[in-house]
Amino acid sequence: MTTAPLPTLLCLHGFLGTGRDWAAVAAALEGRARCLTPDFPGHGGTPLTAGVQSYAAWVQWLADWLDARHI
């Protein structure tokens, strides 16, 4: 018997936060959802990249991040 894949939940941190802000939520949902908790450029483990200086650029960065994970 195969099980259905887990739903994917994208958890975005706020200003000055990191993906680690969602650690407790991700732990609570373990086995029930796949939680993605990226660090935006300049936060946590993601360096600030040139050109990510507007909301539109951040949206594009996130779209690229999701595309890289086939989401």
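Hey, any idea what % of the chain's accessible area is carbon plus sulfur with a 1.4 Å probe? Let's see the in-between values first.
On the way: 3200 of 5160 Å².
Carbon plus sulfur share of accessible area: 62 percent.
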Next item on the list: Work out, step by step, the length gained on full extension between C11 and A33: first 0.36 nm times the residue separation, then minus their alpha carbon distance; give nm to one decimal.
Entry: 6.8 nm
Notebook entry, point to check: Which one, (i) 13.4; (ii) 12.8; (iii) 12.1, gives Kirkwood radius over Cα pairs in Å as derived from the coordinates shown?
Noted result: (i)
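Considering only protein heavy atoms, what per residue accessible area in square angstrom results for the chain with a 1.4 angstrom probe?
Values: 5160 Å² over 71 residues.
Per residue, the chain has 73 Å² of solvent-accessible surface.
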Next item on the list: Determine ³J(HN,Hα), in whole Hz, for all residues of the range 49-54 in sequence, where each value follows from phi through the Karplus function 6.51 cos²θ - 1.76 cosθ + 1.60 and θ = phi - 60°; x replaces Gly and Pro.
Entry: 9, 4, x, 9, 10, 9
Checklist line | Nitroxide proxy distance, nm - points 7 Å out along Cα→Cβ at D64 and A50 | finding: 1.2 nm
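The values are calculated or read from the model by the stated rules, or taken from the named source; none is laboratory data. Computed from a prediction, not measured in an experiment: that's the story for all the values here. Note that each Cβ is placed from the backbone with ideal geometry, even for glycine, and that neighbours are counted across all protein chains shown. Protein only, heavy atoms only, side chains kept; ligands, DNA and RNA dropped before computing areas. Shrake-Rupley method; radii C 1.70, N 1.55, O 1.52, S 1.80 Å.
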